[in-house]
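The values are calculated or read from the model by the stated rules, or taken from the named source; none is laboratory data. For clarity, every value in this text was computed on a predicted model and none was experimentally measured. We place every Cβ from the backbone using ideal geometry, glycine too, and count neighbours over all the protein chains shown.
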Amino acid sequence: MIVTKTEIPDVLIIEPKLFGDQRGFFLETFQVERYQSHGIKGPFVQDNLSRSAHGVLRGLHLQSPNTQGKLVSVMRGRVRDVVVDVRLGSPTFGRHVAVELSEDNRRQFWVPRGFAHGFVVLSDSADFFYKCDAPYSPRDELIVRWNDPAIGIDWGIENPKLAERDASAPLLSQVERLPRYGEV
């Protein structure tokens, strides 16, 4: 597999090795020792799959104080996936990394604990799969406004379809209970 470090430490783009021929393909989506050697420790305790239509934007979501790390990928379709460092005191606080994930490029994106995460669907629809290293905790969920000008994300789409909770989410500067750098 090819692991690409991004400008934010610990945020990784992963390209699993693909074995294919005229019959189809095979790839490992996770192998504990290999991923641990790149700092993705796990263990993973929950897998999730969502399907979304073109233009749907989900995010920016995180949990605090019970944070989650996520290994995300797209099984069908194409998305722009974004992570934002929201750890108070981090040297990269408020910065983001965006990557395209698709059924064609088979990339994975490692979203470390303490980062807000979101994606927008660029294809007709997309099946988005993610492994979590902690269970979902509704009482710990936080949302940061998807179009916060202080973050400046180019989502690559006009007028995304949003859930009410995402559309009315606070700006990063207004979110309470953010995780602290060095504590997640």
Subject >> Extreme residue, surrounded by the most Cβ atoms within 10 Å (Cβ to Cβ), among residues of segment 13-61 that are assigned to a strand (DSSP E or B) and out of contact with any strand residue (DSSP E or B) (no Cβ under 7 Å at 6 or more places or on another chain) >> reply: Gly20
**OP:** Determine, yes or no, whether Leu88 is in contact (Cβ under 8 Å) with a residue 60 or more places away in the chain, within 24 Å of Pro179 (Cβ to Cβ), surrounded by fewer than 18 Cβ atoms within 10 Å (Cβ to Cβ) and in contact with a strand residue (DSSP E or B) (Cβ under 6 Å, 6 or more places away or on another chain).
**Re:** yes
**OP:** Any chance you could count how many residues in segment 153-172 are of a type in the set (Gly, Ala, Ser) and in contact (Cβ under 8 Å) with a residue 24 or more places away in the chain?
**Re:** 3
Subject >> Members of segment 103-131 found to be of a type in the set (Ser, Thr, Tyr) and in a strand (DSSP E or B), listed by number >> reply: Ser125, Tyr130
Original post:
What about Asp148, is it at pLDDT 95 or above, crowded, with 18+ Cβ neighbours inside 10 Å, touching a strand residue (DSSP E or B) at 6+ places or on another chain (Cβ under 7 Å) and not in a strand (DSSP E or B)?
Top reply: no
Original post:
Here is a list of conditions, (1) modelled with pLDDT of 95 or more; (2) within 19 Å of His54 (Cα to Cα), and Glu158 meets all of them except one; can you say which number that is?
Top reply: (1)
Original post:
Has segment 89-102 got any residue that is of a type outside the set (Asp, Glu), assigned to a strand (DSSP E or B) and farther than 18 Å from Trp155 by Cα?
Top reply: no
